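K.L.:
Starting off with a structure, shown below.
The values are calculated or read from the model by the stated rules, or taken from the named source; none is laboratory data. Worth saying up front: this structure is predicted, and the values here are computed from it rather than measured. A quick note on method: Cβ atoms are made from the backbone with ideal geometry, for glycine too, and the neighbour counts reach across all protein chains shown.
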Amino acid sequence: MDGKAHYRTMFLSDWHLGMKGIKSSELLAFLESHDAETIYLIGDIVDQWVLGRKWSWNTDCDHILRNLLEKAERGTNIIYIPGNHDDGFRAWANTSVNGIKIQKDAVHTTSDGRRLWVLHGDEFDLFMRHSRFLANLGHSIVQLLMKLNRPVTWFRKRVGLRPWSLAAMARRAFQGSSKTYRRFATAVTEEAMKLGYDGVVCGHIHKAEFKLVNGIEYWNDGDWVDSCTAAVESMDGTMQIVHYQPPSETIKALCERASIRESDLASSHVLNLPGILEEVAS
Ligand SMILES: [Mn+2]
C-alpha cells in the first residue's frame, strides 16, 4: 500500500477556494493522503463571490486543483456538482473538463445498493432563498470575524491553547440555530423521499452530520472553511463522517510533498483560475 486511506467514495464540499482563512493546507494534506474510486465535489469548491480585490489564492490552492487533475488522470471518477458560490459552473452541467464531470446533481448507489441523492443543497436553504442580501451580509460578517480572530488564534497558540473560532461561532449565530439546521435537513430529506431515494448527501450549511429523518439518511459532509470534514463510503457500503485533524507536522510534510511533485511538472501547467472564473461568470 502507499500509506493512503482508500475509500469507495468520498464526498467533499464547501472548500471556498479563493476566500481568505480557509483550511487549504489541511485540505491539500487530506487529498494527498486519501484516495477513492469516486469523488463527489458537492459545491462551493471555488468561491466566485469573493473574486476581485478580496481574492486570496495561495500555492496550496493551486496544488489542491492539481491533485484533483492528477487523480482524474489516474482514473478516479470525479463528479463536480456546483453550489451557490460557484454557480457560474452550473451552466457547464453535462460537460466534462479534464476528465472531471460537471453535473447539477447525482444519484450515488452504495455497494450495498442504497440510492443516495447527491446535491449541494442551497435550494433547500430558506434563509438563502429569501434573502441573498442577508446571506451576503452574514458572509461579510463571518469574513470580518475570521480576520479579527487571527491575532486571537496566534495568541492562543503561543500560550498553548486550542484554536477557537470566532467565525464559526458567528456563523452558528447568524445561520441560526439548530432549528435552521433541522429545517434544512427536514426539507431536503422530504424531497429525497418524494423522489424515492434512500438518502441524501449534501453540503452548504457547513455542519457535518449524519442522522435519519423519517427513515431517510441525511449526510452532510461539512466544510473546509472552519472544520475539516468529509463523508466517506467504505468498500462494504458503510458510510461515515471523517474529521481530519492530523498533527501539524503531518500536514506540513504532505503539503511539501505536493509542492516537490509539482516542481517536476512542466511550467506550462500554471493555472489562471481567476481569469477562467471571470469568463465563466460573464
Ligand atoms: Mn453553499
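K.L.:
Return yes or no: is D112 under 14 Å from the mean Cα position of the chain (by Cα) and either outside any helix (DSSP H, G or I) or free of Cβ contacts under 8 Å to residues at least 12 places away in the same chain (or both)? Working first, answer last.
P.N.:
On the way: under 14 Å from the mean Cα position of the chain (by Cα): no; either outside any helix (DSSP H, G or I) or free of Cβ contacts under 8 Å to residues at least 12 places away in the same chain (or both): yes.
No.
K.L.:
Can you tell me which residue among S227, S259 is under 18 Å from the mean Cα position of the chain (by Cα) and polar (S, T, N, Q)?
P.N.:
S227
K.L.:
Do any residues in the stretch 32-52 that are closer than 19 Å to E73 by Cα and more than 16 Å from the ligand (Cβ to nearest atom) have Cβ atoms under 9 Å from those of residues that are assigned to a helix (DSSP H, G or I) and among the hydroxyl-bearing types (S, T, Y), where the two are at least six apart or on different chains, and which pairs are they?
P.N.:
The qualifying pairs are S33/T250.
K.L.:
Test F11 against the criterion of being within 14 Å of the chain's Cα centre (by Cα) and aromatic (F, W, Y), and give yes or no.
P.N.:
On the way: within 14 Å of the chain's Cα centre (by Cα): yes; aromatic (F, W, Y): yes.
In short, yes.
K.L.:
Of the residues that sit in the stretch 188-221 and are of a type outside the set (A, V, I, L, M, F, W, C), more than 14 Å from V118 (Cα to Cα) and surrounded by 20 or more Cβ atoms within 10 Å (Cβ to Cβ), which one is nearest to the ligand (Cβ to nearest atom)?
P.N.:
H206
K.L.:
Right, another one. Quickly run through the stretch 67-79 and pick out the residues that are within 16 Å of the chain's Cα centre (by Cα) and touching a residue at least 40 places away in the same chain (Cβ under 8 Å).
P.N.:
N67, I78, I79, listed by residue number.
K.L.:
Residue under question is T229, and the condition is that it be within 20 Å of I79 (Cα to Cα), in contact with an Asp or Glu (Cβ under 9 Å, 6 or more places away or on another chain) and among the hydroxyl-bearing types (S, T, Y); does it hold?
P.N.:
Details: within 20 Å of I79 (Cα to Cα): yes; in contact with an Asp or Glu (Cβ under 9 Å, 6 or more places away or on another chain): yes; among the hydroxyl-bearing types (S, T, Y): yes.
So T229 passes the test.
K.L.:
Let me ask you something else. Looking at E190, E249, which one is closer than 21 Å to E123 by Cα, out of contact with any helix residue (DSSP H, G or I) (no Cβ under 6 Å at 6 or more places or on another chain), modelled with pLDDT of 95 or more and not in a loop (DSSP other than H, G, I, E, B)?
P.N.:
After applying the criteria, what remains is E190.
K.L.:
Residues that are at pLDDT below 95 and over 20 Å from T250 (Cα atoms): list the strands (runs of 3 or more DSSP E) wholly contained in the stretch 1-101 that include at least 2 such residues.
P.N.:
95-97
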